[in-house]
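Visitor: Below is the structure I would like to discuss, written out as structure tokens.
The values are calculated or read from the model by the stated rules, or taken from the named source; none is laboratory data. What you are looking at is a predicted structure, and each value in this text was computed from that prediction instead of being measured. All Cβ positions, glycine included, derive from the backbone under ideal geometry; neighbour counts span all protein chains shown. SASA here: full protein model, heavy atoms, side chains in, ligands and nucleic acids out. Shrake-Rupley method; radii C 1.70, N 1.55, O 1.52, S 1.80 Å.
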Amino acid sequence: MIFIQDFIEFDYLKRTVLAILLASAACGVIGSYVVARRQSYLIGAVSHSLLGGIGLARYLQIAHGLTWFSTIIGAMIAAVLSAVAISTLTLKNRMRQDTVLSAIWTLGVAVGISFIAITPGYSEDLTSYLFGSILLVSAEDLAVMAVMTVIIAITVILFRNRFLALCFNEETLYLRGVSTTAVSFTLHLLVALTVVLLAQVVGIVLVLVLLVIPAATAAHFAKRMAMVMLWGGIFCLFFCYGGLIVSYEADWPVGATIVELAVATYLVIACAVAVRRRLIRSHDED
Amino acid sequence: MDTSSIISISHLCFSYDAREILHEINLEITEGMFAAMVGPNGGGKTTLLKLILGLLTPKHGTIKVFGHEPQAARKRIGYVPQAILYDPNFPASALDIVLMGRVERHLFGGYRKNDRDIAMQRLHDVGMEDFARNSFAELSGGQRQRVLIAQALASEPQLLLLDEPAANLDQANAKTLFDLLGELNHHVTILLVSHNLSLVSNVVSHIICVNQTVDMHRIQDVPSVADDPTGWVRLIHQQCPVINGKKPDEQIHPHHH
């Protein structure tokens, strides 16, 4: 296989494999909360807002020579800002959630386009940001990704009881005297970081599926949150490595291949679970 | 018996917009009581529970729970809602759900052995200890209800509030539940909402008729309790606005808008 030869030979493929490992860990853990809390609609807004941060980063790098301001740092700033905006603006139904989400979604894209337009020199191709450029992950990107994954892991280990109760029923947590605003805000920030991590792998447009499908697939059979997280992570790894290898051999776009593999697997498992339930039921009736 | 005040409500009025739900409520719940609220739908039973929990704020009048504002008393209250919204596939065991009754006790990290011991004990109390490791989602409606009661008990409350705890239970399970609550009442003050007065009349100490106004009776002062053919509760008691059939509008004139 060309992939294995190239993996041994080239560092960029080793970085790609490591980046996927980090993103999958975050995907399994945070995706489980997103699915249990039915908040996948958040992801679209946060992920598209990244384009604003990426545009800003490219502008500052090229127009002002701030080379340290990488696109992943720009993306992180945009993700955190949009998570903060969504959390505060929708608090206690201050503003309608769908209004806030659509505004952030499109504003992010608009800001991105504007910054790219005023960036001197060549007009940049946005495709790699929109649909992923996992093969272009730099060593610095990898370091930032590692830090983000560690932050996510530590926060979840510390606050897992509160997150679980929040996802089960917000009022239950509130009536125990815990600030649901603070817990929900923290979880939104972790979702934002996870979106940045996964956007490195599949790009902004395809993040939504990759954050939701692995945990949703695992939720078909895993009975406890920790198991959904573990299996969600494993599925995410499988989708990403599978998609990477297939696309590498066949010269297909990586992000798209990963997403197609993920959705196909989800459908197969959903059908298998439905068939099994029906068989058990007809068995019980006999 | 110690008769220190648990819930003290005076001159309380509450309305959603212009519609007055509760008018000029005065109520004293003292330690050790087991009170059941009865009354028609929309009469304000659940609203009163939410006011006691601090989920709603009175428009007029005051509520004190353990002598404090309801929000400050929250950790001493165990609450079992009538229905809660949760994902039917939610990935948690019955024990996980019960432990949520102790979620506020540790800012960081998981539950301690002590928490798990208490949660298991409460599952035992509701007869669900054999289901501790089972998925909460796969339990029957009645079993889930008992797990949620165990959750409320795991918080070691001094006051237990239950909204229609028997709504999803058949007659036999409902009787078991009320026997259990009667047992728990040795340690905990209980206030619940119930439609089925014949079931609760064996265990409760007080009946509270709620229909825009409230009227509390000692159970021994209620001459008789009978189910009417529609399954609704009928008390033979003339002074109570719920029972004598008059609409509240004919008796009182809301003055707060």
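Visitor: Relative contact order of the stretch A:2-285, please, whole-number percent, based on alpha carbon pairs below 8 angstrom and at least 6 residues apart.
Guide: For the stretch A:2-285, the relative contact order is 29 percent.
Visitor: Heavy-atom accessible area per residue, chain A, 1.4 Å probe: how many Å²?
Guide: Ligands and nucleic acids excluded, the figure is 46 Å² per residue.
Visitor: With every protein chain in place, what's the accessible area of A:Thr106 (1.4 Å probe, Å², nearest 10)?
Guide: 90
Visitor: Let me ask you something else. For the stretch B:101-127 and the stretch A:48-101, what is the separation of their Cα centres, given in Å?
Guide: For the stretch B:101-127 versus the stretch A:48-101, the Cα centre distance is 40 Å.
Visitor: Continuing with the same structure: Which of the residue pairs B:Lys45/B:Lys175; A:Lys223/B:Lys50; A:Lys223/B:Lys113; B:Lys75/B:Lys175; A:Lys92/A:Lys223 have a Cα-Cα distance greater than 25 Å in the structure shown?
Guide: A:Lys223/B:Lys50; B:Lys75/B:Lys175; A:Lys92/A:Lys223
Visitor: Just to check, using Stokes-Einstein with a Kirkwood Rh over alpha carbon pairs, what's the diffusion coefficient of chain B at 25 °C and 0.890 mPa s in µm²/s?
Guide: So the translational diffusion coefficient is about 128 µm²/s.
Visitor: Still on this structure, I have one more. Net charge near B:Gln158, counting Lys/Arg +1 and Asp/Glu -1 over other residues with Cβ under 11 Å of its Cβ?
Guide: 0
Visitor: Hydropathy at least -1.0 by Kyte-Doolittle, axial extent at least 20 angstrom from the Cα trace: which helices of chain A, defined as entire DSSP H runs, fit?
Guide: Qualifying helices: A:11-36, A:40-64, A:71-89, A:97-118, A:139-168, A:180-202, A:225-250, A:254-285.
Visitor: If you take every DSSP beta bridge whose two residues both sit in chain B, what share of them, in percent to the nearest 5, is antiparallel?
Guide: 60
Visitor: Ignoring ligands, DNA and RNA, please state the percent of accessible area on chain B from carbon and sulfur, probe 1.4 Å.
Guide: In chain B, the share of accessible area belonging to carbon and sulfur is 49 percent.
Visitor: Within a 10 angstrom radius of each residue's Cβ in B:82-93, how many Cβ atoms of other chains show up on average? Whole number is fine.
Guide: 6
Visitor: OK, next. Below 10 angstrom from the Cβ of B:Pro81, what's the summed charge of the other residues (Lys, Arg +1; Asp, Glu -1)?
Guide: So the environment of B:Pro81 carries a net charge of -2.
Visitor: Counting each DSSP H run of 4 or more residues in chain B as -39500 (n - 2.57), what helix-only mean residue ellipticity at 222 nm follows after dividing by all residues, to the nearest 500 deg cm²/dmol?
Guide: It comes out at -7500 deg cm²/dmol, rounded to the nearest 500.
Visitor: Explain nothing, just the number: relative contact order of the stretch A:1-159, from Cα pairs under 8 Å at least 6 residues apart, as a whole percent.
Guide: RCO, the stretch A:1-159: 34 percent.
Visitor: Next question, about the same structure. Can you list which of the trypsin sites (Lys or Arg not before Pro) found in the stretch A:19-78 are DSSP loop residues with at most 16 other C-beta atoms within 10 Å?
Guide: The qualifying sites are A:Arg38.
Visitor: Kyte-Doolittle mean at least 1.0 and Cα extent at least 15 Å along the axis: which DSSP H helices of chain B qualify?
Guide: Result, helices passing both filters: zero.
Visitor: Taking every pair of Cα atoms in the stretch A:225-272, average 1/r, invert it to obtain the Kirkwood radius, and report Rg/Rh to two decimals.
Guide: Expressed as Rg/Rh, it is 1.05.
Visitor: Alpha carbon centre of the stretch B:7-72 versus the stretch A:263-286: separation in Å?
Guide: 48
Visitor: Return the average number of partner chain Cβ atoms within 10 angstrom of each residue Cβ along peptide A:154-161.
Guide: Per residue, the average neighbour count from other chains is 4.
Visitor: At most 12 other Cβ atoms within 10 Å and a DSSP loop assignment: could you name the trypsin sites (Lys or Arg not before Pro) in the stretch B:93-127 that fit?
Guide: Qualifying residues, ordered by number: B:Arg112.
Visitor: Ignore the peptide's own chain and count Cβ atoms of other chains within 10 Å of each Cβ in B:100-110; give me the average, rounded.
Guide: 6
Visitor: If DNA, RNA and ligands are ignored and the probe is 1.4 Å, what is the ranking of A:Ser282, A:Ser24 by accessible area, most exposed first?
Guide: A:Ser282, A:Ser24
Visitor: Give the Cα extents of the stretch B:39-119 along the principal axes, in whole Å, largest first.
Guide: 44, 32, 18
Visitor: Can you give me the relative contact order of chain B as a percent, contacts being Cα pairs under 8 Å and 6 or more apart?
Guide: Reported as a whole number, the value is 24 percent.
Visitor: Please provide three numbers in whole Å: the alpha-carbon extents of chain A along the principal axes, with the largest listed first.
Guide: 72, 54, 31
Visitor: Further, regarding this structure: By per-residue mean of other Cβ atoms within 10 Å, what is the highest-first order of B:209-215, A:223-229, A:93-99?
Guide: Highest mean packing first, the order is B:209-215, A:223-229, A:93-99.
Visitor: How about the stretch A:1-103: which chymotrypsin sites (Phe, Trp or Tyr not before Pro) there lie in a loop by DSSP and see at most 11 other Cβ atoms within 10 Å?
Guide: A:Trp68
Visitor: Just how much of A:Trp252 is accessible, in Å², when a 1.4 Å probe is used and the result is rounded to the nearest 10?
Guide: Accessible area of A:Trp252: about 140 Å².
Visitor: If you don't mind, there's one more thing I want to ask. State the cysteines of chain A left without a partner when partners are defined as other cysteines whose beta carbon lies under 4.7 Å away.
Guide: Cysteines of chain A left without a disulfide-compatible partner: A:Cys167, A:Cys240, A:Cys271.
Visitor: For chain A, what does -39500 (n - 2.57) per DSSP helix run (n ≥ 4), summed and divided by total residues, give at 222 nm, in deg cm²/dmol to the nearest 500?
Guide: -28000 deg cm²/dmol
Visitor: Another one. Once you wrap a convex hull around the alpha carbon atoms of the protein assembly as shown, what is its projected area averaged over all directions, in nm²?
Guide: 31.3
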